[in-house]
Amino acid sequence: MKIQIDGTNTLNKGAELMLVAIYQQIIKKIPAAEILYIPNEIEVGLPIFLQNKNVKRRRAVEKGRIPSAILRRLRLPYAYFTSKYASTNIDLVLDGAGFQFSDQWGYTKERLDILERYYKNLKNQGTKIVLLPQAFGPFETKQGKRMVKIINDYVDIIIAREKISYKFIADAGANKEKLWLYPDFTLLVKGTFPERYESIRNKVCVIPNKKMITHTKNAAKHYGDFIKEIIVHLENSGEEVFLLNHEGAGDLEICKQINESHGNTLTVVNNLTATEVKGVIGASRMVVSSRFHGVASALNQGVPCLSTSWNHKYQMLFEDFGQHNTVLAVDAEWNEELKKIDDIRTNLNAVKSVLVERKMVLTIEAETMWNRIWQEVEI
């Protein structure tokens, strides 16, 4: 059987963690499967954990930035050099993108044309397509509604990660017979702690996110100062803090700016694999994250967490784990937001107990989801 993994990459550690989760489930169920890895970002070579004889990638994607730019400028077809070109003889596509379909991304007609052609070509050769648990919506624009129609016409299983996303895509016309609701599936992946960072065990982990600047309006100009205020507050409360880069250059730059304004006294954890990132988070006393999978990796390892947010998916993730009043509003009164941190700190053990209970329930749901997928695609 030939299985293609779409929608992930190794630049964003949340996306990489989903890649790890998908790969582990494939080799658990079908050890001899041929796997085609199609990252949604330009990457060179295969990540180490995928380097075996049964995993391949399309070189045209790896080398495609310049050819696709030239062809696009010449108004010639360029999809061959992107992740949206349908390879032949693919039995199943597992799409692990965390959040790709929404008015928030401003899809152009050209981009939707490419998406529709990609799905249509896959279906014409009998490929089954599964959108693994992800956030969706809203879909209020003309392009957004077309987006849902394309998904509805060609995708075999559409899995929303939480109730708001389910409602967004259902209300926009998705066929409920193919629409499922299951939680984030990366909770099935175990973290690995990097020994070189032993000094940060049981400290408070702070995870910045450039999207808090690029994808928010009122919060953008205050975000950096807000994170600095949180760090000072934690240290004044007797906590030791470190910064974790959960993605790439953009988040690392924010980490460096925050650390510089703090006299460069903070440890900045960088250049880790996705499972190492999860291991670091799991060894933390508490987490303040602006990255979705930073929140997920904390909660599903029993680590109390708060977060800033630029999308509904954060609040819904907290609700999955029985957590409330844990989203920090950058544009609110900061003293009130800092009290949320104090509340968590004074109730760490009680919070941990709830998280452990909820993980047991969500783990069963995630395992049930995979079993259903394999049944549906007749493996």
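The values are calculated or read from the model by the stated rules, or taken from the named source; none is laboratory data. All figures in this text were calculated on a predicted structure; none of them were measured in a lab. Glycine also receives a Cβ, built like all others from the backbone with ideal geometry; neighbour counts cover every protein chain displayed. Calculation scope for accessible area: heavy atoms of the full protein, side chains included, ligands and nucleic acids excluded. Shrake-Rupley method; radii C 1.70, N 1.55, O 1.52, S 1.80 Å.
Where the centre of each part is set by its Cα atoms, how far does the range 359-379 sit from the range 13-63, in angstrom? Their Cα centres are 21 Å away from one another.
Estimated at 0.36 nm per residue, the fully extended path between residue 51 and residue 329 surpasses their Cα-Cα distance by 95.9 nm. Its Cα centre serving as origin, the range 286-354 has a Cβ charge dipole (Lys and Arg +1, Asp and Glu -1) of approximately 280 debye. Taking Lys and Arg as +1 and Asp and Glu as -1, the other residues whose beta-carbon sits under 14 Å from that of residue 325 total -2. What the range 82-212 shows is 42 Å² of accessible area per residue, with the surface traced by a 1.4 Å probe over protein heavy atoms.
Among the listed pairs 2/278; 128/176; 29/313, a Cα-Cα separation exceeding 19 Å is found for 2/278; 29/313.
How large, in percent, is the carbon and sulfur part of the accessible surface of the range 326-376 at a probe radius of 1.4 Å?
49
Dipole magnitude for the range 210-323: computed about the Cα centre from +1 point charges on Lys and Arg Cβ and -1 point charges on Asp and Glu Cβ, it is near 320 debye. Across the range 183-269, counting alpha-carbon atoms alone, Rg and Dmax equal 14.2, 40 Å. Computed about the Cα centre, the dipole magnitude for the chain is approximately 1440 debye when only Lys and Arg (+1) and Asp and Glu (-1) carry charge, each at its Cβ.
Find how many whole Å separate the alpha carbon centroid of the range 237-297 from the alpha carbon centroid of the range 145-181. When both Cα centres are located, 34 Å separates them.
Computed with every protein chain present, the accessible area of residue 182 is close to 30 Å² [probe 1.4 Å]. In the range 161-287, Cα pairs under 8 Å separated by at least six residues give a relative contact order of 36 percent. Since only 172, 208, 325 are under comparison, the one whose Cα sits farthest along the positive direction of the charge dipole of the chain, derived from C-beta charges on Lys, Arg, Asp and Glu, is 172.
Here the range 1-56 exposes an accessible surface that is 56 percent carbon and sulfur, computed with a 1.4 Å probe and the other protein chains kept in place.
Sum up the charges of everything whose Cβ sits under 11 Å from the Cβ of residue 245, counting Lys and Arg as +1 and Asp and Glu as -1, but leave residue 245 out. Once all neighbours under 11 Å are counted, the net charge is +1.
Tally Lys/Arg at +1 and Asp/Glu at -1 over every other residue whose Cβ is under 12 Å from the Cβ of residue 13; what's the total?
-2
Excluding ligands, DNA and RNA, the accessible surface per residue across the range 1-79 is 52 Å² with a 1.4 Å probe.
Placing a label point 7 Å from the Cα of residue 237 along the Cα-to-Cβ direction, the residues of the range 196-217 whose backbone N falls under 12 Å of that point are 204-205.
Projecting the Cα atoms of 82, 64, 54 onto the dipole axis of the range 51-109, where Lys and Arg carry +1 and Asp and Glu carry -1 at the beta carbon, places 64 farthest toward the positive end.
Roughly to the nearest percent, how much of the accessible area of the range 242-325 is carbon and sulfur, given a 1.4 Å probe?
41
Tell me, what is the per residue accessible area of the range 257-327 in Å², probe radius 1.4 Å?
28
Across 87, 353, 237, the residue with the most accessible area heads the list, and the full order at a 1.4 Å probe is 353, 237, 87.
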